[in-house]
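Written below as structure tokens is the structure these notes are about.
The values are calculated or read from the model by the stated rules, or taken from the named source; none is laboratory data. Here the structure is a predicted model, which means the values were calculated and not measured. Note: ideal-geometry Cβ built from the backbone for every residue, glycine included; neighbour counts use all protein chains shown.
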């Protein structure tokens, strides 16, 4: 297999990106990496915010850390490769890779201090007030120390494998994100310091409960790392333990790949996963007050610099807090919410295909049940003897996916089943490789996508024999076919059998699985074929409408906004007077509210119990009534990678009642005074705060408002309920 060098690949990408984006360094853009860190700062604030239920605050501490882990593996790893390759070119925001690394560290250091203070000074004391104690070793009673020692001997000691370093034992390999203890030892008859490493096992509970009477409603825990630390005499009998220090490494996951020369994409991805384990370390985290000798030794052996080292004031592994966050204490968690069954799918005995034939169905998860809609659609297709073929894309499907067994069952029944499995879904490669093998062994046609492009679209096509001939049904969504995330992410999906859409979906599958060079679609907007140009055309149309005195407006909800051509088009629309509202959860490289550039652009970010993941795009298109404008949903953010380096699908929403549902959702989110953050022109964010006279729907936050309105709507589905109608000019 031929593998191009990092220098060549990065240079090629930078050159291609510069040409495609048609721009040079400019103060009109914010740095992507720093914008992402601002997003994670908002995540951390959910842990600090006392309005967030206490156990959920633990989850947000863990999410903040896992987000940061991924940032260092992907983004910092990529910056370091650019520097190693000699890339010095500045990005549009004016920062070179070296400057971005320095700015990243400067931004991260105060955040990890804030995280530690949140844990030690706010959350731990608040938990103790509710009889949940996360104890340091010195806080244990004598009886608890005895129970801890007994647990260590019986359940921990047999699992541990101390690794010494000496002339006969080289420095051990430290796996990515594994938590370790570094130990300084001394033989009683020698003066030299010796090093040993103990890997903290992930197979054991990270927090060990010590209650003598577990039924008493009190929870007293000690951290597994502390338990090991204070029982080292059993691991090193006869040796003197001089010092102990916890540490964790993060390795680069931004590995080179050359798909064009790869004869077997599956084999290439498997090899990439093996290589990733041994990639260069991009971050070394040390426990509080690290021992100088151990610190120096790790710096030398792991080949890191001072700028790669982060001293953590409290925990190293905040992900361990998820164990505590799962405690059965309902009063300390979000109130349970059960997704409602969409009204038109309420009759479980009805044929879902006849329901879809009566009109498109717009689904809004997790407010509406994924199981009762998307799962039911695919399950019905697998079991219906009149269904001849099923085609589906898989990006992230989860470990307990019901869809895999449904597709296998369909294939075993003689149906034609094709599944496009995206092997390059970052950090889900191993899972997707596994499922690809399972599907292939069942006789399903498995395709791995297009060379050089990730397949990110969320589409299913079902071909059914009906009395009047073949009819196609489709699901086009904004989220993955993953039952776990469907309960946690906000997403839209469209069930349809309209020929103008299903024929496009069929053509798109041919593009993905065959050698189609399709360059036009009837209604779908497809990346990398026509999506970027159509978006630019629609933004320009709004600009011209405003200049000619016609109604003009843009509202767009997405995860990230970075594409420079889109940003420039939005700037031009703003300068023409087009009101633009952008709901961008994460990265936003556009600067809103800049006089003479973007004073008509407003950007908000919403964070809450659900991850905002849906993409909705609205263009007024000269309509007097906003509901007569154009609405689109789909899988693509307005990022260069989504528009030109991935396969994405965006569908129009045609039915007026469904457009009203989209409009209502957008307006509720835009008027959120509880969970929304207002972006400033310098890239910082200010959290909105409800005033005393704020309407209830705005004061409780958009996610709570949508939960309540969804419940109410389905409870009175037989009645005509007044909709929330907010003026687009408000």
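Worth a mention:
- Number of positions in segment 699-709 that are surrounded by fewer than 20 Cβ atoms within 10 Å (Cβ to Cβ), in contact (Cβ under 8 Å) with a residue 24 or more places away in the chain and not in a loop (DSSP other than H, G, I, E, B): 2
- Test result for residue 531, within 17 Å of residue 455 (Cα to Cα), under 31 Å from the mean Cα position of the chain (by Cα), at pLDDT 95 or above and in the same structural domain as residue 579 (by TED's automatic domain parsing): yes
- Residue match in segment 529-540 (condition: free of Cβ contacts under 8 Å to residues at least 60 places away in the same chain, surrounded by 15 or more Cβ atoms within 10 Å (Cβ to Cβ), more than 30 Å from residue 704 (Cβ to Cβ) and in contact with a strand residue (DSSP E or B) (Cβ under 6 Å, 6 or more places away or on another chain)): yes
- Residues of segment 288-305 that turn out to be part of a loop (DSSP other than H, G, I, E, B), touching a strand residue (DSSP E or B) at 6+ places or on another chain (Cβ under 8 Å) and within 23 Å of residue 170 (Cα to Cα), as a count: 4
- Strands (runs of 3 or more DSSP E) contained entirely in segment 306-420, each with at least 2 residues that are in contact (Cβ under 8 Å) with a residue 60 or more places away in the chain: 361-365, 387-394
- Being closer than 19 Å to residue 505 by Cα, surrounded by fewer than 22 Cβ atoms within 10 Å (Cβ to Cβ) and touching a helix residue (DSSP H, G or I) at 6+ places or on another chain (Cβ under 9 Å) is a description that does not apply to residue 377.
- Residue pairs whose Cβ atoms lie under 6 Å apart, separated by 6 or more positions or on different chains, with the first residue in segment 495-512 and at pLDDT 95 or above and the second in a helix (DSSP H, G or I), are 495/356; 497/356; 497/357.
- A residue that is within 24 Å of the chain's Cα centre (by Cα), in the same structural domain as residue 562 (by TED's automatic domain parsing), outside any helix (DSSP H, G or I) and surrounded by fewer than 22 Cβ atoms within 10 Å (Cβ to Cβ) cannot be found anywhere in segment 648-667.
- Enumeration of residues in segment 460-481 that are touching a helix residue (DSSP H, G or I) at 6+ places or on another chain (Cβ under 9 Å) and outside any strand (DSSP E or B): 479, 480, 481
- Filtered residue count, segment 15-54, keeping only those that are modelled with pLDDT under 90 and surrounded by 15 or more Cβ atoms within 10 Å (Cβ to Cβ): 5
- Each residue in segment 587-602 was checked for being part of a loop (DSSP other than H, G, I, E, B) and touching a residue at least 40 places away in the same chain (Cβ under 8 Å), and 8 pass.
- Every residue from segment 484-494 that is over 14 Å from residue 649 (Cα atoms) and either crowded, with 21+ Cβ neighbours inside 10 Å or free of Cβ contacts under 8 Å to residues at least 40 places away in the same chain (or both): 486, 490, 491
- For segment 79-92, filtered to residues that are crowded, with 17+ Cβ neighbours inside 10 Å and out of contact with any helix residue (DSSP H, G or I) (no Cβ under 7 Å at 6 or more places or on another chain), the residue that is nearest to residue 28 (Cα to Cα) is 91.
- Residue match in segment 351-369 (condition: over 30 Å from residue 610 (Cβ atoms) and touching a helix residue (DSSP H, G or I) at 6+ places or on another chain (Cβ under 6 Å)): no
- Selected residue [crowded, with 18+ Cβ neighbours inside 10 Å, modelled with pLDDT under 80 and not assigned by TED's automatic domain parsing to the domain that holds residue 78] from 418, 411, 436: 436
- Residue 277 within 22 Å of residue 66 (Cα to Cα), in contact with a strand residue (DSSP E or B) (Cβ under 9 Å, 6 or more places away or on another chain) and at pLDDT below 95: yes
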